[in-house]
Amino acid sequence: MKLKHAFIILGIVGLIVSCATNPFTGKKTMALVPNSQLFPTAFAQYDQFLSENKVIKGTPEAAMVARVGQKIAVAAERWLNANGYTGYLNDYRWEYNLVDDKAVNAWCMPGGKIVVYTGILPIAKGETGLAAIIGHEVAHALANHGQQRMSAAYVQQGVAIAGNIAIKDEQSRNAFNQYYGVGSQVGVMLPFSRSHETEADKIGLYIMAIAGYNPDEAAELWKRMSAQSNGQSPPELLSTHPSNDSRIANLTALAPKAKAEAAKFGVTSFR
């Protein structure tokens with residue numbers, strides 16, 4: 001029992017010391033995998049992805065992706081520096097690429113590696129819509145959401161392993177695995193992911209406004225996203241993302257606050 005208690009204490013201490021601070025909320029977040037390990041892995045995966053896909057260069061669309069990405073990165077650094085986080089982006093290696101793919105998607109890896117698929121450009125409908133997309137994806141990286149999700153997955157797996165070790169009766173162990181798998185996913189991991197999406201919506205909205213893009217466009221973008229999905233989205237409870245309606249309402253309510261935040265940086269007109 002003493003050994004068991006020692007492992008529990010060590011686990012708790014590990015969680016406490018393996019924390020980072022979200023600069024946008026001030027809250028402590030799990031960081032079981034430090035950025036010093038996460039970033040090099042992400043950079044290598046990004047390079048591999050580019051080598052295996054068709055990267056578009058030298059077109060107006062590719063130039064737009066690079067232009068918007070750079071403005072979003074500069075705006076993020078302005079916000080972080082103004083709020084006491086000078087040097088926060090020192091280890092970032094920003095890169096912005098347009099990839100030929102019909103998927104309606106874009107993403108930003110930890111450390112600032114961005115990909116926009118050509119399939120999302122018709123829904124973006126121009127530079128401001130694209131700024132809403134890139135702002136949201138960059139926000140995930142800035143808030144270390146990838147790091148948090150990886151850490152949460154480790155904890156989820158750790159609890160599952162501990163339960164299987166502690167429960168000796170096979171029938172009880174099978175029941176634990178069944179209920180823990182569903183319960184931890186629906187009750188913990190999916191809400192965790194949805195909270196990240198909502199947080200990235202807010203951060204991305206502020207950053208795009210500071211970059212000079214109209215934050216009102218974000219809600220319009222998601223109206224187009226909703227129309228494109230043809231009502232095929234899963235129920236919010238079973239999704240990694242908030243419902244389109246929830247997202248549109250939240251972005252609409254936040255847009256005036258984003259404009260007020262941009263005004264602190266002298267930005268009062270938007271494209």
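The values are calculated or read from the model by the stated rules, or taken from the named source; none is laboratory data. Note that the structure is predicted; figures quoted are calculated from it, not measured. Cβ: placed from backbone, ideal geometry, glycine included. Neighbour counts: every protein chain shown. All accessible areas refer to the heavy atoms of the entire protein, side chains included, with ligands and DNA or RNA removed. Shrake-Rupley method; radii C 1.70, N 1.55, O 1.52, S 1.80 Å.
Numbers at a glance
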quantity: Within the stretch 82-121, strands (runs of 3 or more DSSP E) holding 3 or more residues that are of a type in the set (Val, Ile, Thr) and either open to solvent by less than 60 Å² (accessible area, probe 1.4 Å) or at pLDDT below 95 (or both); calculated: 113-117
quantity: Filter pass, Arg67 being of a type outside the set (Phe, Trp, Tyr), within 25 Å of Asn22 (Cα to Cα), at pLDDT 95 or above and open to solvent by 50 Å² or more (accessible area, probe 1.4 Å); calculated: no
quantity: Output for the stretch 24-54, where each listed residue is among the hydroxyl-bearing types (Ser, Thr, Tyr) and part of a strand (DSSP E or B); calculated: Thr29
quantity: Residue identified as touching a Pro at 6+ places or on another chain (Cβ under 7 Å) and either open to solvent by 40 Å² or more (accessible area, probe 1.4 Å) or among the hydrophobic types (A, V, I, L, M, F, W, C) (or both) among Leu38, Leu50, Leu32; calculated: Leu38
